[in-house]
Amino acid sequence: DVQLAESGGGPVRAGGSLTLSCSVSGYTYRRNVRRYRRNCIGWFRQVSGKEREGVASIWTRDGTTDSYYADFSKGRFVISQDSAKNTVDLQLEGLKPGDSAMYYCGVGVSDSRLNYLAAADFRFWGQGTQVHVSS
C-alpha cells in the first residue's frame with residue numbers, strides 16, 4: 001500500500017518558522033515514461049470550506065528535477081526532496097495567520113505542462129498536518 005505521513009505542524013506565532021516533513025512508502029516512481037510525463041510530489045493546504053490549494057511541488061523525469069511554487073509561497077517556503085530517504089520537506093518561514101491550514105503531501109505522475117500545482121495530478125495523499133499561525 002502507498003502511504004504518506006506528514007509531520008511537523010503545530011502552533012507558531014506570526015513571523016515564525018516550521019519545517020513540515022512527508023515520508024513516502026510503498027510508492028514506485030515511474031521510469032521510462034512517455035514524453036512529457038513526470039513524477040510529481042508536492043505540498044498542498046486546505047482550510048475548512050475551501051478547495052485544496054497547491055503550495056509547492058517537485059517534478060522529476062530521468063534525473064531532471066524542477067520545483068514550482070504558488071505565488072504566495074515564493075520567497076517564504078522552500079520544498080526539498082531526499083530521494084534516498086523517500087521524504088519531501090517544506091520549510092515555512094515568515095508565517096502569517098493566513099497560512100493557517102491543514103497541510104497535505106501528495107504524490108503522482110502526470111504529463112501536465114501548464115499547471116504544476118493541480119491537486120488532480122496527485123493520486124496519493126497523506127492525512128495532513130495542521131499549522132496554526134497566531135498573530
| request: Only one of these is of a type in the set (Ser, Thr, Tyr) and in a strand (DSSP E or B): Ser67, Ser48, Ser73. Name it. | output: Ser67
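Working only within the stretch 10-30, note down all residues that are of a type outside the set (A, V, I, L, M, F, W, C), touching a residue at least 24 places away in the same chain (Cβ under 8 Å) and open to solvent by 30 Å² or more (accessible area, probe 1.4 Å).
Residues of the stretch 10-30 of a type outside the set (A, V, I, L, M, F, W, C): 10-11, 13, 15-17, 19, 21, 23, 25-30.
Remaining after also requiring touching a residue at least 24 places away in the same chain (Cβ under 8 Å): 10-11, 13, 15-17, 19, 21, 23, 25-27, 29-30.
Result: Pro11, Arg13, Gly15, Ser17, Thr19, Ser21, Ser23, Ser25, Gly26, Tyr29, Arg30.
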| message | Can you say whether Gln81 is open to solvent by 30 Å² or more (accessible area, probe 1.4 Å), under 14 Å from the mean Cα position of the chain (by Cα) and free of Cβ contacts under 8 Å to residues at least 60 places away in the same chain, as far as the supplied structure shows? | response | yes
| message | Quick check on Arg45: is it touching an Asp or Glu at 6+ places or on another chain (Cβ under 7 Å), of a type in the set (Lys, Arg) and modelled with pLDDT under 95? | response | no
| task | Starting from residues that are of a type in the set (Ser, Thr, Tyr) and in a loop (DSSP other than H, G, I, E, B), keep the ones in the stretch 113-135 and report whichever is surrounded by the most Cβ atoms within 10 Å (Cβ to Cβ). | result | Tyr116
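The values are calculated or read from the model by the stated rules, or taken from the named source; none is laboratory data. What you are looking at is a predicted structure, and each value in this text was computed from that prediction instead of being measured. So basically every Cβ, Gly included, is an ideal-geometry build from the backbone, and we count neighbours across all protein chains shown. When the accessible area is computed, the model is the full protein with side chains, heavy atoms only, and any ligands, DNA or RNA have been set aside. Shrake-Rupley method; radii C 1.70, N 1.55, O 1.52, S 1.80 Å.
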